[in-house]
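The values are calculated or read from the model by the stated rules, or taken from the named source; none is laboratory data. Quantities reported herein were computed from a predicted structural model and do not represent experimental measurements. Note that each Cβ is placed from the backbone with ideal geometry, even for glycine, and that neighbours are counted across all protein chains shown. Note: areas computed on protein heavy atoms with side chains; ligands, DNA, RNA excluded. Shrake-Rupley method; radii C 1.70, N 1.55, O 1.52, S 1.80 Å.
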Amino acid sequence: MRGGGVRVAPSSSDPEYSNASLEAASSSSSLQAASTSTSSTSTPAGAISEDVVSAQGGGRGVKAASLLKGKGGAGNGALVAASKSFLEDRRKNGEENHGAQTPAWTRAAWQAAEGKQRRREDEDRAYLEAVGAYEPRWEAADEAPQSPPKPNAPRLAVIAVRASYGHGSGIDGTCPKGPVMPYCIHCTRLSLILCEADVPVELVLLDDATFRDGWFKTAYPKLQTPAMQGTPGGLESSEWVGDFASLLDRAKEQNPRVGAMTEQRGPASVEDVKRLGDRLKYALIGIRLIGTKTTRGKEFLSECLSTAGLDFTTPDDLLRDMVVTAALEAVHEIDALITSTPGAFLGGDKPDIADVFLAPMLLYTHNLLESGIAALPQQPCGFAQLGGASVLSYLDAWTQRPSWFTSFRTTSMVNAALLRPLVSRLVDLAPDAYSTEEMAVCLTVLRRKDPVYAQAIQSRGLQCTIPDATDDASTSQKPVSDMALCEPEDDPLWPFPLPPPPLITPPMPGVPRKAVLSHRASYGAGAVVDGESPLGPLVPFCPYCMRLGLILAEARVPFETYMIDSTNKASWFLEAFPAGTTPAIQGTPGGTSTGEWVGEFETILKNASDQNPQVAAVARVRNTALTVERVQALGGAMSYGLWLTLVAESTCESASGFIAFTRGGAGLEEVSGESGASLRDRAIEGALSALREAESAVSSCAGPFLAGDAPDLVDVYLSSMLHFSRICLEIGLHKLPQGACSLADLGCPSLQRYLEAWVKRDSWGYSYKSTSLDENSAASARVAADMIATSAPDVCGEDVMYPVMCRARRRDSAYQKAIRAVLMPTMPTDMGDVASMTSKEAPTSESDATSSKKESVSLSSDTRTESNDKASSKSLATAPVVGVPVPLDAASRNSGEQASVSGAVSAKKVLKRRKSMKSKSKTNAAICI
């Protein structure tokens with residue numbers, strides 16, 4: 001068997017723990033079948049069955065399987081074909097059209113897919129066998145092994161710790177005692193090396209809390225780990241020997257495969273990755289320590305900064321920014337290093353010695369970020385939010401190797417046990433910086449995400465609890481699922497808070513910061529278009545900003561996105577850029593190298609084209625069907641024309657200016673004495689004519705885009721305009737005779753396929769933060785609906801606009817998911833949507849509209865009777881809001897979970913407090929993705 005696939009059987013001294021097996025792993029028929037199969041079309045060579053992933057609690061980040069499913073194929077049976085097709089398409093687009101500078105978001109998928117395809121079947125079978133039979137070790141090895149190790153299968157003594165020791169206080173709170181898990185980074189590195197060299201290893205786990213007084217002290221008085229018994233690495237006798245360097249040197253001499261494994265095959269040396277890993281790890285640890293008043297805390301901060309290569313003598317007000325910048329620079333360097341290699345690892349298709357040193361450090365820092373212990377301004381965040389998306393794919397590729405499971409006893413990237421020793425030390429050294437209460441919460445958040453710990457305690461009927469942040473630990477406790485980090489009761493509940501502004505330091509070279517005008521699907525404050533629809537997350541919508549994002553992403557230029565709320569622009573943005581226009585950019589390409597913000601789409605695009613030849617290549621017109629000017633005219637006739645159909649017959653004074661604005665945008669001349677109905681009909685004909693012309697152009701092009709296989713500048717313009725027009729058509733934000741309809745309904749199927757081709761491109765997801773045409777679409781609709789309702793309330797009042805926005809919110813999967821997490825976290829996915837209306841259920845009267853407003857909050861999509869209305873109202877008043885999610889980037893967080901930051905409150909109180917928000921001042925900042 002390859003790669004350390006030999007399962008480590010529990011020692012005879014372990015208590016009975018059969019019930020602690022991962023339930024799905026022991027009972028899943030699909031897992032059992034996978035474990036015994038030697039070759040199967042449903043599980044390609046080297047690919048890990050998703051049933052196995054599910055059985056182990058998942059916890060994976062950017063999984064190749066999930067990425068590739070969207071590209072074709074609904075299961076493991078289609079993964080190989082989808083992988084090949086995906087790789088061929090992306091290689092063609094990335095290497096032939098734009099050279100070798102492939103961005104992390106594309107290369108990550110390549111690396112994960114290639115790693116899966118190349119893994120051997122025997123590795124896969126060994127891995128599945130180990131995972132399927134593995135039972136967490138509840139106790140460490142409390143007795144010495146009774147027999148010598150097998151030849152060429154050494155024993156490795158490894159320091160192990162628990163995610164909680166069940167002390168009932170301190171950083172463990174009331175979380176139960178967990179199983180022991182490998183901890184020592186030197187031990188796990190040595191295990192990875194041996195396993196990758198096809199040397200089976202038996203791990204002997206030594207509980208860090210007790211092993212110094214047990215059998216190991218007699219067997220090896222030096223008490224050093226890693227320690228080995230047997231060869232390669234140890235001695236021919238049964239004597240235990242230690243010291244990482246000595247063990248590794250001896251193993252290389254005794255086994256040529258170990259020697260080959262320790263060779264550097266990639267671009268980085270061990271010293272390179274240790275420097276980067278240490279800088280990142282100790283900078284993240286040191287951020288909280290800045291400002292500590294304790295002597296020991298200051299001494300440890302000095303050690304951290306020295307290890308990170310930073311100057312401790314810098315004043316505190318500048319030191320924090322310096323340390324944060326150092327951490328972010330390390331993330332960017334590691335990301336660049338990973339993406340510069342052709343395979344999944346620095347060593348290529350398989351790890352080399354630099355990979356072995358880098359991966360455990362990245363795992364450690366990943367958990368620092370996931371738990372919130374690393375106090376970055378962007379917290380809570382993951383590697384993706386910090387510009388290191390490929391790190392998640394890199395770690396994911398590691399977790400799928402048998403050597404990882406053997407060494408860490410988990411296939412998850414979340415490992416709460418790793419951080420407990422550090423947290424315990426920090427709380428002792430600097431309690432003013434690392435408080436017991438805050439660290440208990442951070443660790444418990446991580447325990448909840450750790451599949452090994454969570455399933456182990458659940459199998460014993462135990463529950464992880466933690467004291468309320470505001471109550472005494474001895475008098476008030478809650479299950480983790482109801483854990484509250486409650487705001488003061490009088491403060492308004494803000495379920496989607498805005499993180500701080502960008503750092504005062506300039507952006508990384510070649511990675512500009514882009515300010516994007518953004519909006520919410522609902523502002524939850526009782527507006528005409530919102531009713532009582534709950535507040536939604538902030539999402540990008542501005543077409544000009546989207547065009548710029550598409551161009552940069554198509555040119556393989558990574559950028560950071562800062563979302564600027566269109567209803568109340570952030571003070572930091574207006575101070576940094578008084579013009580306040582969007583898009584705006586800081587850094588190059590697009591801006592200047594001096595750090596000031598630059599605005600206006602045309603200016604930014606010209607700068608970027610001058611500064612980066614790849615941007616210039618994308619920003620060319622290569623098609624002969626349409627020009628930019630013609631597409632702008634068609635887009636205006638579509639979008640402004642659709643708006644004009646709604647307001648043309650308004651007699652309100654406030655509507656006159658808006659009518660003139662939309663008439664000009666639609667390219668229609670003013671006709672003296674024209675009636676509103678006539679203007680409406682002209683707008684309808686203009687919109688339909690523009691759609692027909694665009695359909696003709698797209699249907700006649702040779703490839704999926706006007707420019708062929710890859711889009712050009714005209715495609716970028718057309719996609720943004722067509723996307724918005726499609727949203728308006730499908731939710732009924734117009735007065736076409738067809739009512740709410742699709743592009744296909746209007747005889748434009750090619751335009752629908754055109755947009756679908758766009759949404760499959762990485763640039764679309766990177767710019768729009770969505771992976772489907774409906775995701776994040778309601779916010780764009782709300783911008784238009786609010787303007788229309790405000791300008792022409794006589795013809796577009798609440799009875800018209802609210803049902804339209806209900807449809808929009810119902811169709812928006814991102815809004816639906818966010819609100820479910822806020823109002824009903826445990827609601828099954830097959831229950832009704834938050835926005836209660838479909839196009840067929842739109843109210844036809846004012847009373848119906850009022851009724852539907854109530855239903856939209858009660859999470860029902862059914863037509864209600866009076867009694868049902870009362871029941872749903874009662875249900876709403878008592879429904880607990882278990883937690884409020886902090887908005888995260890969907891491609892970056894490995895588990896897809898959202899951290900709870902607010903306690904159990906009634907849904908009625910949520911709505912009441914939200915309504916009061918409009919009159920209170922709110923601090924606005926940009927969400928950095």
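With a 1.4 Å probe and all protein chains kept in place, how do R811, R761, R620, R680 rank by accessible area, largest first?
Values: R811 85, R761 25, R620 120, R680 55 Å².
Ranking R811, R761, R620, R680 by accessible area, largest first, yields R620, R811, R680, R761.
Scalar couplings 3J(HN,Hα) for the stretch 148-158, obtained by applying the Karplus form with A = 6.51, B = -1.76, C = 1.60 to θ = phi - 60°, are x, x, 5, x, 6, 9, x, 8, 10, 7, 10 Hz; x denotes Gly and Pro. Applying 1/(1 + (r/R0)^6) with r as the Cβ-Cβ distance of S675 and S435 and R0 = 60 angstrom yields a FRET efficiency of 0.30.
Below 14 angstrom from the Cβ of A608, what's the summed charge of the other residues (Lys, Arg +1; Asp, Glu -1)? Don't jump to the answer; show the numbers that get you there.
Working: positive: R513, K514, R547, R556, K606, R620; negative: E554, E600, E602, D610.
So the environment of A608 carries a net charge of +2.
One chain, two ends: S302 and T218. Fully extended at 0.36 nm per residue, the span grows by 26.6 nm beyond their Cα-Cα distance.
Computed 3J(HN,Hα) for the stretch 194-210, one whole-Hz value per residue from the Karplus formula 6.51 cos²θ - 1.76 cosθ + 1.60 where θ = phi - 60°, is 5, 5, 5, 8, 6, 9, x, 10, 9, 7, 10, 7, 10, 5, 4, 7, 9, glycine and proline marked x.
Cα convex hull of the stretch 497-620: mean projected area in nm², to one decimal?
Here the figure is 8.0 nm², rounded to one decimal.
Computed 3J(HN,Hα) for the stretch 719-734, one whole-Hz value per residue from the Karplus formula 6.51 cos²θ - 1.76 cosθ + 1.60 where θ = phi - 60°, is 4, 5, 6, 5, 4, 5, 4, 4, 4, 4, 5, 6, 9, x, 7, 5, glycine and proline marked x. Take the stretch 497-620 with all the other protein chains still there, run a 1.4 Å probe, and you get 33 Å² of accessible area per residue.
The magnitude of the dipole of the stretch 155-459, with charges of +1 and -1 set on the Cβ of Lys/Arg and Asp/Glu and taken from the Cα centre, is near 660 debye.
Kirkwood Rh over alpha-carbon pairs of the stretch 151-239, then Stokes-Einstein at 37 °C and 0.692 mPa s: what D in µm² s⁻¹, rounded to an integer? The partial results should precede the final answer.
On the way: Rh = 14.1 Å.
In µm²/s, the coefficient rounds to 233.
Accessible surface calculations at 1.4 Å, restricted to protein heavy atoms, place the stretch 155-459 at 31 Å² per residue. Under the shape rule built on the C-alpha gyration tensor, where the axes satisfy a ≥ b ≥ c, the stretch 719-780 is oblate, since a/c reaches at least 1.5 while a/b does not exceed b/c. Between the amide H of A521 and those of G536, A779, distances stay under 5 Å, these residues lying 5 or more places away or on another chain, with hydrogens modeled in the peptide plane.
Quantify, in whole percent, the carbon and sulfur part of the accessible surface of the stretch 693-765 (1.4 Å probe; protein heavy atoms only).
49
For the stretch 592-704, the equivalent ellipsoid built from the Cα gyration tensor has semi-axes of 35, 22, 9 Å, listed from largest to smallest. Using only alpha carbons, the stretch 647-715 has a radius of gyration to Kirkwood radius ratio (Rg to Rh) of 1.18. Proximity of backbone amide H atoms, modeled 1.01 Å from N, is registered between V204 and L156, A157, V158 at under 5 Å, excluding neighbours fewer than 5 places apart on the same chain.
For every other residue with a beta carbon closer than 10 angstrom to the beta carbon of G388, add +1 if it is Lys or Arg and -1 if Asp or Glu, then tell me the sum. Overall, the nearby charge balance is -2. Put one equal scatterer on each alpha carbon of the stretch 623-774, apply the Debye formula with no solvent term, and list log10 I(q)/I(0) at q = 0.10, 0.12, 0.19, 0.20 1/Å to two decimals. Treating every Cα as an identical point scatterer, log10 I(q)/I(0) equals -0.36, -0.51, -1.11, -1.20.
Taking amide H as placed 1.01 Å from N in the peptide plane, the amide H of E560 sits under 5 Å from that of R513, K514, each at least 5 places away or on another chain. A simple count of charges around V671, restricted to other residues whose Cβ falls under 12 Å of its Cβ and scoring Lys, Arg +1 and Asp, Glu -1, yields -2.
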